[in-house]
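Note sheet for the following structure.
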Amino acid sequence: MKQRRLGTSGLYVSHLALGTMTWGRDTDEDDASGQLTAYLDAGGNFLDTADVYVEGESERIIGSLLTNVVKREDVIIATKAVTVRGAERDRDASRRHILQALDASLERLGTDHVDLWQMHSWDPRTPLEETLSAIDVAVTSGRARYAGVSNYSGWQTAKAAAWQRAWPGRAQIVATQMEYSLLQRGIEREVVPAAVNLGIGILPWSPLGRGVLTGKYQTSTPTDSRGASDAYGRFISPYLDERASRIVGSVMTAADGLGVTPLAVALAWVRDRPGVVAPIVGARTTGQLRSSLEADQTVLPEEIRRALDDVSMPEIGYPEAGPLIGR
């Protein structure tokens, strides 16, 4: 597996990251061990988790695997803090919370540092400079090597990055983790231009359109799929509309022509988009993960890429596309 530079930092990561959101719920520790082994055997080194994944159980499983399966120095670990939902403030971006959250993550992971520490969501009620000063503390103390953000809008990303660049010695924002796929190209309006301009690496989550781009929902919802479950049904249903069906149909046509899976086409498309460093692939089983790892060999011909671009093109207008003619 190839490696790519994370933004303008000196950190190089494998160009597919292993997502662990299901570890501890849909994926037990034995299955997680199998996934990690398969991923490492394929040349991967980049694990993504968060303090809220299964209330910390994902991090605890990774900590166990660092003891029993893999050496700490052989993997790059990214985790996150901050999850603000409406009036809930127990996981805010305050200095008090995020430094406590980082220490708790380190304890669960069984390590003295994480390689990439990301702010999971924007907190409108905590001053950004307070959050960023806490990130500086985490980096200067050695508890985090690099800093990033997640689910920030374009202006939020640019503001955070510009603030950190304004004073020498502050921890730079080197990565942004965003949902990005053929079914969700909204970040191309402002986040991608900001990230590319500022040298921030993009880490797409849900690069397979929440599983819809595999084609398994094209005719119906399988009873054993996430779309049929109470836990994930509402998460997947936004991508089961007519527009999504057209895009998935095009992906399946391309896959037939290339002799590969729809998964391979969808993953190759997002992997090679401007600014993208490493799509995050997650799976419930080792078999599912192997499908993503095998698909990594796919390279899309330019004519297929253009066709997929056209069928999935997001609406982009003023001001992103420039001033209107005649105004």
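Residues of the stretch 232-252 include none that is exposed (fewer than 15 other Cβ atoms within 10 Å of the Cβ), in a loop (DSSP other than H, G, I, E, B) and not charged (D, E, K, R).
Of the residues making up the stretch 53-105, those that are at pLDDT 95 or above and of a type in the set (Lys, Arg) are Arg60, Lys71, Arg72, Lys80, Arg95, Arg96. Just the residues that are in contact with a Lys or Arg (Cβ under 9 Å, 6 or more places away or on another chain), surrounded by fewer than 13 Cβ atoms within 10 Å (Cβ to Cβ) and either farther than 30 Å from Met1 by Cα or among the basic types (Lys, Arg) (or both), please, taken from the stretch 57-112. Those that are in contact with a Lys or Arg (Cβ under 9 Å, 6 or more places away or on another chain), surrounded by fewer than 13 Cβ atoms within 10 Å (Cβ to Cβ) and either farther than 30 Å from Met1 by Cα or among the basic types (Lys, Arg) (or both): Arg85, Asp103.
When residues in the stretch 107-166 are screened for being part of a helix (DSSP H, G or I), touching an Asp or Glu at 6+ places or on another chain (Cβ under 6 Å) and either under 30 Å from Asn68 (Cα atoms) or aliphatic (A, V, I, L, M) (or both), 2 of them pass. Every condition in (1) under 19 Å from Leu47 (Cβ atoms); (2) under 15 Å from the mean Cα position of the chain (by Cα); (3) part of a loop (DSSP other than H, G, I, E, B) holds for Arg284 except the one numbered (2). Residues that are of a type in the set (S, T, N, Q) and buried (at least 19 other Cβ atoms within 10 Å of the Cβ) were ranked within the stretch 6-32; the one that is farthest from Trp117 (Cα to Cα) is Thr27. Scanning the stretch 135-159 for residues that are under 30 Å from Arg189 (Cα atoms), surrounded by 23 or more Cβ atoms within 10 Å (Cβ to Cβ) and of a type in the set (A, V, I, L, M, F, W, C) yields a count of 3.
The sole residue among Gly249, Gly282, Gly259, Gly287 that is among the small types (Gly, Ala, Ser) and in contact (Cβ under 8 Å) with a residue 40 or more places away in the chain is Gly282.
With respect to Gly201, determine if the residue is small (Gly, Ala, Ser), under 21 Å from Asp310 (Cβ atoms) and at pLDDT 95 or above. So Gly201 does not fit the description; no. Restrict the check to the stretch 201-212 and report whether at least one residue is surrounded by 17 or more Cβ atoms within 10 Å (Cβ to Cβ) and touching a Gly at 6+ places or on another chain (Cβ under 6 Å). Yes, some residue in the stretch 201-212 is surrounded by 17 or more Cβ atoms within 10 Å (Cβ to Cβ) and touching a Gly at 6+ places or on another chain (Cβ under 6 Å). Within the stretch 33-47, restricting attention to residues that are free of Cβ contacts under 8 Å to residues at least 60 places away in the same chain and hydrophobic (A, V, I, L, M, F, W, C), the residue that is surrounded by the fewest Cβ atoms within 10 Å (Cβ to Cβ) is Leu40.
You will find that of Ala255, Ala244, the residue that is in contact with a Pro (Cβ under 7 Å, 6 or more places away or on another chain), at pLDDT 95 or above and of a type in the set (Gly, Ala, Ser) is Ala255 and no other. Of the residues making up the stretch 160-180, those that are within 30 Å of Ser245 (Cα to Cα) and either buried (at least 24 other Cβ atoms within 10 Å of the Cβ) or modelled with pLDDT under 95 (or both) are Thr176, Gln177, Tyr180.
The values are calculated or read from the model by the stated rules, or taken from the named source; none is laboratory data. Fair warning: this is a prediction, and the values are worked out from it, not measured in the lab. Note: ideal-geometry Cβ built from the backbone for every residue, glycine included; neighbour counts use all protein chains shown.
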